[in-house]
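Here is the structure we will look at.
We did not get these values from a lab; they are worked out from the coordinates using the rules stated. Everything quoted here is computed from the prediction, not taken from an experiment. When we count neighbours, we look across all protein chains shown, and the Cβ atoms used for this are built from the backbone with ideal geometry, even at glycine.
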Amino acid sequence: MNFLQSSLVFPISSPPIENGIVVVDDSGVIIEVIDPMTTGELPSGIRKYEGFICPGFVNMHCHLELSHLKGKFAEKTGLVGFIDQMRLRRGGEFIHESILKADQEMLANGTVAVADISNSPDTIDIKKISQLYYHTFVEVFDVNPGRAEKVFEEGLMLAQKFSDVELSASIAPHAPYTVSSKLLSLLSKSYFNKAQLSTIHNQETEDEDFMFHSQSGDIFDFLIGLNPANADSIHKTDSSLEYILDHLHHFEKLLLVHNTFTKDKHIKEAQEFSDDIYWCFCPNANQYIENTLPDIELFRKNNCRITIGTDSYASNRSLSILEELKTISTHFPKIPLHEMLKWATLNGAAFLGKDNVFGSLERGKRPGIVLIENVDLKSGTLQGNSVAKRI
Ligand SMILES: [Zn+2]
């Protein structure tokens, strides 16, 4: 039995406890969380830490297979510039080593579970032996409706490769501007036949809505430049999100990622459409690519279920959930840490259907115990040099 005490303990499922003591057995299962103010006699053998203790982080958006692109892409190029660099940089050497390194980095910085996007089987061997829990979204994209069935079948075959070795996987579309309505309908039908988790990159750039709303802009030009026939398959809707919700149904839960340019009316439309929508922010990636951030206060006001992701090494300097929280608290200092930590733990675990194991310091769970050091103990907030580690 281990008794872990810190200046402030965040059970997440209940309010923070000053000088709380987390009692865990040797396998990491929580026995109880003790509030010393309401407990008479304290146990002996307490290990004391200065900082915050919280459950392990759930990284809700990553592309582990792109880890070899660390430091390779120019920053702040906008999304079209990013896609262009992506086309040139896929593949390459050292893919396996970089995936293993990224997995180990996440383990060390307090991550316990990851929702990871895959276009290839490159990550299977590492995920199989990893101490982290992975759900893999096998990503499909193609704007040509004539190729929808072939692309969908290939996606199914890749997802099967993950399932064959007992890794959780489902198939998901890349982004509104890279999937035909035919491909979305095939996905929708497959979700109808078998309830599945889904995700999509959503409103990452202003141009995305522009393409659907006005049939113009950089992304529109980019797609037409690839093939002029693409113009015929671009639907006219008010927003890119509307296009997705018009064609994608029956998902078990849908995770909308980035949401950098999502407006109040889009949030309300999505919430009216389904009770099973979650939102994921990757603020450091948004700054890397577009040098902007989503209006996070808007999502709080609408009681959205918020989660946090790092995106990949193609658009981030680290795969650390704490670094994402630090960026949010710098730009939105009024958001309480307790609330942000819930986004980074319990909400993601609930999306993955793993909140019986991860997400909070509650009896019977095995959520991983994270210590955040170099914090402002007086105000209970993060600082620029705060770091997280597993204890
Ligand atoms: Zn992404």
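Of the candidates S318, S130, S170, which one comes out as most mobile in a Gaussian network treatment of the chain with C-alpha springs shorter than 10 Å?
Ranking S318, S130, S170 by mean-square fluctuation puts S130 first.
Counting only the backbone N, which residues of the stretch 364-391 are under 15 Å from the spot 7 Å out from the Cα of S318 toward its beta-carbon?
371-375, 382-390
Please state, to two decimals, what the Cα-based radius of gyration of the chain comes to when divided by 2.2 N^0.38 Å (N = residues).
Output field value: 1.00.
Would you please calculate the Kirkwood hydrodynamic radius of the stretch 170-302 over all C-alpha pairs and express it in Å, rounded to one decimal?
About 15.2 Å, per the Kirkwood formula over Cα pairs.
Mind telling me which of K365, K334, K70 comes out most flexible in a GNM of the chain, alpha-carbon contacts under 10 Å?
Greatest mean-square fluctuation among the candidates belongs to K334.
Take every Cα-Cα distance within the stretch 234-309, group them into 5 Å bins from 0 onward, and report for each bin the whole-number percent of pairs it holds.
Distribution as computed: 3, 14, 28, 24, 19, 10, 2 percent.
Please report H331, H258, H174, H96 as a ranked list, fewest other C-beta atoms within 10 angstrom at the top and most at the bottom.
On the way: H331 12, H258 28, H174 18, H96 15.
If I rank by nearby Cβ atoms, fewest first, I get H331, H96, H174, H258.
Give a residue-ordered list of calculated ³J(HN,Hα) values for the stretch 16-27 (Karplus: 6.51 cos²θ - 1.76 cosθ + 1.60, θ = phi - 60°; whole Hz; x for Gly, Pro).
Running phi through 6.51 cos²θ - 1.76 cosθ + 1.60 with θ = phi - 60° gives x, 10, 5, 6, x, 10, 9, 9, 10, 7, 5, 8 Hz.
Could you work out [θ]222 nm for the chain from helices alone, using -39500 (n - 2.57) per DSSP H run of at least four and dividing by all its residues? Round to the nearest 500 deg cm²/dmol.
-10000 deg cm²/dmol
Kindly rank 215-224, 263-272 from highest to lowest mean number of other beta carbons found within 10 Å of each residue.
Descending mean neighbour count gives 215-224, 263-272.
Could you quote the convex hull projected area for the stretch 95-229, Cα atoms only and averaged over all directions, in nm²?
Values: hull surface 38.3 nm².
So the Cα hull casts an average projection of 9.6 nm².
Quick check: Cα centre of the stretch 148-197 to Cα centre of the stretch 261-328, how many Å?
The two parts, judged by their Cα centres, are 23 Å apart.
Would you order K354, K389 from fewest to most other beta-carbon atoms within 10 Å of each residue's own beta-carbon?
In order of increasing Cβ crowding within 10 Å: K389, K354.
Within the set K189/K253; K326/K389; K150/K182; K48/K326; K150/K189; K128/K161, which residue pairs have Cα atoms separated by over 18 Å?
Cα-Cα > 18 Å for K48/K326; rest within.
Can you give me the angle between helix 181-193 and the longest principal axis of the chain, using Cα atoms only, in degrees from 0 to 90, rounded to the nearest 10?
With both axes taken from Cα atoms, the answer is about 50 degrees.
Between I46 and H338, take the C-beta separation as r, use R0 = 35 Å, and let me know the FRET efficiency to the nearest 0.05.
The computed FRET efficiency comes out at 0.90.
In which sequence would R300, R305 go, from the one with the fewest C-beta neighbours within 10 Å to the one with the most?
Listing R300, R305 from fewest to most nearby Cβ atoms yields R300, R305.
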